[in-house]
Each structure stands twice: as C-alpha cells, then as structure tokens.
Amino acid sequence: MRHHHTRGRAKPVPRWAGPVALGAAVITLAACGGGNAAKGTGTSTVGSTAKASGPVQVALILKDFTNPYFISMENSAKADAAKLGVKLTISAGTADGDTTTQISAIDNAIAAGDAGIIITPNGNAVNPALDQAKAHHVLVIALDTVPTPPSTADLTYATDNFQAGQLIGQYTAKRLAGKPADIAMLDLSNTQVISVDTSRDHGFLTGMGIKLGNQGLNGAEPKSGTYKGQLGGSGTYKIACQLPSQGAVPGGQTAMEQCLSKDPNINVVYAINEPAAEGAGAALKAAHKTGVIVAAIDGGCAVIPYLQSGEVTATSAQFPGKMAALGVEAIDTMAKTGKKPANSPGLGFFNTGTKLFTDASVGGVPSGTPSELSSVCWKA
C-alpha cells in the first residue's frame with residue numbers, strides 16, 4: 001500500500017552567500033513499508049548494474065505551480081511514482097523564469113541524496129547547479145525544455161518544439177490564402193534565451209516561410225518581406241510587434257493590448273502557449289477585433305472552448321503527462337538497473353510527439369478536431 005505524504009517547506013541549502021528562500025511548498029510521495037528509505041543510490045548507476053536497495057528518491061522541479069501544463073506533469077509524476085514505489089519530492093519556481101528557487105531545490109535534492117532530478121528549467125542560470133548535481137552522481141532528466149547545452153541533462157523528454165511551431169506556421173500561411181500577414185509575436189521572455197521559446201518562435205516562422213535572422217535568438221528576422229508557407233499560401237508580411245507574455249493569460253493580454261495600440265490591423269497572432277493566446281483573445285475581443293488567426297502551442301483541455309468559439313484558431317498539442325511519467329520511470333530504471341534510455345533518432349532528446357488541432361481545418365494541412373483533442377488533452 002502506498003500513501004501520499006505532505007511535508008512543509010524544505011529548508012534550502014545555500015549555494016551562494018546569504019539565504020535563499022524556497023518560494024513553493026514541497027510535496028513528497030513515498031512508498032510505505034518496513035525499514036529505512038534509501039537515500040537515492042549513493043553512487044552513479046549510469047552504465048553499471050548497481051541496484052537501489054530501497055525506494056528510489058526523485059526530485060521533480062517544475063517551472064511553477066500555477067500553469068495547468070505543469071500541474072498536469074505533477075499529477076502524472078505522482079501517479080507513476082505511486083505505481084513504482086518511488087519517493088517523489090515536488091517543488092517549483094514562484095513563476096516562470098524564477099531560477100533562484102529552482103537552484104535552491106536542486107541543492108536540496110543533492111543534500112537529500114536523491115537518485116535523480118527531473119526538471120523543467122526556468123533558464124540557463126540553473127545549469128551550474130545541475131552540473132553540481134551530476135558531479136554528486138545525481139541523474140538529471142529535463143522535461144519540456146532542452147537545456148542549453150543539451151548535455152546539461154542526462155536525457156530530456158520533450159515535444160519537438162520547433163515542429164510544434166512549424167505546424168501552426170504551416171496552417172497560418174495556408175489559411176491566409178495569399179492575404180498580407182500583419183503579425184504579432186507573443187514570446188515567452190525578452191530577458192533570457194530559453195530553448196523552448198526560440199524553438200517554437202522559429203518553427204512558426206519557418207512554417208510560414210519567413211527566413212530567420214539568427215538561429216539562436218528571437219526577433220532577428222526581417223520585420224517585413226514575403227512569406228511562402230511550407231504547405232502552401234504566400235504573400236507579404238510584416239511583424240508589427242514582438243513582446244514577452246511570460247506564458248500567462250495576463251501577460252498575453254497586456255502584450256496584445258500594446259500590439260494593438262501600435263498596429264490595430266494585426267490579423268495573425270503567434271502565441272508561445274495557450275494561456276498567452278487566451279490573453280490575446282481577451283484583448284482582441286475587448287477591441288472588437290474579429291477574423292484574427294490566433295495560433296498557439298499546448299493541447300490543454302481548457303483550450304477546447306476557445307477553439308470552438310474561434311478565439312484560438314489552432315493549437316499544436318503536446319503531452320506533458322507522458323513526459324513526466326517517462327522521467328520518473330527513467331530514473332527509477334537507471335537507479336535500479338543502470339540502464340539509460342536513448343534519444344529519438346536524429347534528435348538531442350526523446351520526442352514525446354505533437355499534433356495540430358483546429359475547429360477550422362484547411363485543405364492540405366493535417367489536423368484534428370476539438371472533439372478529438374478532448375480524448376488526448378491534458379488537464380490540471
């Protein structure tokens with residue numbers, strides 16, 4: 001029999017001078033039974049046949065506890081940990097982009113002797129802490145966002161974010177049917193370079209047939225020119241604005257309001273995720289703007305009504321629960337057997353898949369319906 005146990009805030013282990021407060025509650029899921037819980041595996045099991053002598057300890061460190069996407073990861077990880085008898089500690093940043101709290105959580109995992117860390121990184125600032133974890137023989141699995149460099153993690157389970165962006169870019173170009181594209185780009189951040197941010201942004205532009213200016217940065221592409229969609233559709237374009245949304249509804253709404261004040265004729269919105277798209281939709285609705293293509297990435301159950309109403313036109317679905325479950329299983333397997341799963345062929349990560357869904361299908365662009373999404377979407 002397995003029980004869910006909750007404990008108070010973990011006491012941070014300082015990495016830098018001065019205390020660092022851990023800004024989110026920590027949840028522990030453990031197997032019950034006789035004897036003492038194993039403190040991870042003690043030594044690295046990668047490439048060996050060493051086995052854990054007790055419940056494997058794993059730290060799941062999320063970007064935040066508010067976005068349903070990460071809540072879905074939390075729920076799936078808990079379920080898989082209960083099934084496997086893994087002792088799971090869960091923490092998160094106070095907001096998307098909060099690397100300080102994630103660093104404290106990494107330090108806590110090292111101090112606890114955890115066998116592995118599963119993390120959705122909030123930025124490259126966590127890399128030195130993850131490097132230190134690996135130096136302590138803690139196995140590092142990244143979810144959703146491939147670290148830069150990818151070798152920061154032993155393995156990443158993620159959507160092919162470039163492909164996800166590419167799908168909505170292909171759809172947008174074909175749906176425009178030759179009309180000029182007046183584009184608002186609602187990215188994640190303008191203060192950090194985060195691989196998921198650049199990959200989705202660049203995938204969208206590539207699907208639209210717009211040349212990139214810099215493979216490693218957002219916003220370096222020409223602000224006007226011609227687009228030629230990979231699946232059809234071509235015309236002129238201009239990028240009216242490019243603003244951060246923080247991947248949240250308020251950020252998406254504020255960014256869209258600013259974009260509309262600059263250019264009220266915007267007819268295409270690229271959004272880093274569905275909360276940002278929902279915020280953009282609210283701003284468009286308040287401005288009485290109709291007929292705007294709003295394209296996003298996520299695949300959450302909450303987007304279905306927005307797809308049906310047309311406030312969000314299309315989304316590329318991903319599967320975060322699958323990522324988290326695979327992460328728990330990978331560390332459990334590596335701790336017990338030393339076996340490490342491989343990346344998908346030709347990629348620096350394990351691709352957990354993506355698919356386009358829309359209530360306004362376009363000929364020549366493969367897609368599913370909102371009702372089909374309801375059978376595979378993720379929820380909190």
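The values are calculated or read from the model by the stated rules, or taken from the named source; none is laboratory data. These numbers come from a predicted model, not from an experiment. Because the Cβ atoms are built from the backbone with ideal geometry, glycine has one as well, and the counts that use them run over all protein chains shown. Keep in mind that these areas ignore ligands, DNA and RNA; they rest on the heavy atoms of the full protein, side chains included. Shrake-Rupley method; radii C 1.70, N 1.55, O 1.52, S 1.80 Å.
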Point to revise | At R0 = 35 Å, FRET efficiency that the Cβ-Cβ distance of T236 and S151 yields, to 0.05 | key: 0.25
Check your understanding: How much net charge surrounds A296 when only the other residues with a Cβ under 9 Å from the Cβ of A296 are counted, with Lys and Arg +1 and Asp and Glu -1?
Key -> -3
**Study point:** Theoretical FRET efficiency, 1/(1+(r/R0)^6), r = Cβ-Cβ of A125 and K228, R0 45 Å, to 0.05
**Key:** 0.75
**Study point:** 5 angstrom amide H check on T89, placed H, neighbours 5+ away
**Key:** L29, V58, A59, L60
Review point. Where the only charges are on Cβ atoms (+1 Lys, Arg; -1 Asp, Glu), what is the dipole of the stretch 171-265 about its Cα centre, to the nearest 20 debye?
Key: 400
Review point. For the stretch 268-275, what does the Karplus curve 6.51 cos²θ - 1.76 cosθ + 1.60, with θ = phi - 60°, yield as ³J(HN,Hα) per residue in whole Hz, taken in order and with x for Gly and Pro?
Key: 9, 10, 9, 10, 4, 7, 6, x
Study note, to complete from the structure: Checking T101, T290, T354 against a Gaussian network model of the chain (alpha-carbon springs below 10 Å), the top fluctuating residue turns out to be T290
Review point. How much of the DSSP beta bridge set in the chain is antiparallel, as a percent to the nearest 5?
Key: 30
Exercise for review: Figure the gain on full extension for Q215 and L347 (residue separation times 0.36 nm, minus the Cα-Cα span) and round it to one decimal in nm.
Suggested key: 45.9 nm
Check your understanding: Can you pull the semi-axes for the chain, root of five times each eigenvalue of the Cα gyration tensor, sorted largest first, whole Å?
Key -> 39, 20, 19
**Study point:** Within the chain, helix-based [θ] at 222 nm, where runs of 4 or more DSSP H residues each add -39,500 (n - 2.57), nearest 500
**Key:** -10500 deg cm²/dmol
Revision key, fill the gap. For the stretch 322-380, listing trypsin sites (Lys or Arg not before Pro) in a DSSP loop whose Cβ sees at most 15 other Cβ atoms within 10 Å gives K339, K379
Review point. What residue among S309, S361, S189 has the largest mean-square fluctuation in a Gaussian network model of the chain, using Cα springs under 10 Å?
Key: S309
Check your understanding: Using just the C-alpha positions of the stretch 83-184 as equal point scatterers, what log10 of I(q)/I(0) does the Debye formula give at each q in 0.11, 0.23 1/Å?
Key -> -0.45, -1.20
Review point. So how strong a dipole does the chain carry about its Cα centre when Lys and Arg Cβ are +1 and Asp and Glu Cβ are -1, to the nearest 20 debye?
Key: 560
Exercise for review: Determine the alpha carbon to alpha carbon distance for each of K87/K336; K174/K289; K134/K340; K134/K336 and list only those over 19 Å.
Suggested key: K174/K289
Point to revise | Lys/Arg +1, Asp/Glu -1 at C-beta; the stretch 210-302 dipole; positive extreme among S261, G233, G279 | key: G233
Point to revise | Net charge over other residues, Cβ less than 12 angstrom from the Cβ of C241 (K, R count +1; D, E count -1) | key: -1
Study note, to complete from the structure: Kirkwood calc, the stretch 48-141, C-alpha pairs only, radius in angstrom 13.4
**Study point:** T369 paired with T337, simple spin-label distance in nm, labels 7 Å along Cα-to-beta-carbon
**Key:** 4.1
Check your understanding: Can you list the aspartates and glutamates whose alpha carbon sits under 17 Å from that of K322, skipping same-chain ones fewer than 8 residues off?
Key -> E74, D80, D144, D160, D298, D332
Check your understanding: Given a 1.4 Å probe and the protein chains all in place, what does the accessible area of Y157 round to, in Å² to the nearest 10?
Key -> 10
Exercise for review: Just round it to a whole percent: the fraction of Cα-Cα distances in the stretch 168-247 exceeding 21 Å.
Suggested key: 22
Practice item. Would you please report the Å³ per residue occupied by the convex hull of the alpha carbon atoms in the stretch 303-380? Key: 111
Exercise for review: Measure of size requested: the Rg and Dmax of the stretch 274-324, with Cα atoms as the atom set and Å as the unit; please supply both.
Suggested key: 11.6, 40
Practice item. Return the single residue from L217, L167, L155 with maximal mean-square fluctuation; model: Gaussian network over the chain, springs between Cα atoms under 10 Å. Key: L217
**Study point:** Charge tally in the Cβ shell below 13 Å around L62, where Lys, Arg are +1 and Asp, Glu are -1, L62 excluded
**Key:** -3
Check your understanding: Taking the alpha carbon gyration tensor of the stretch 75-125, what are the square roots of 5 times its eigenvalues, largest first, to the nearest whole Å?
Key -> 21, 14, 8
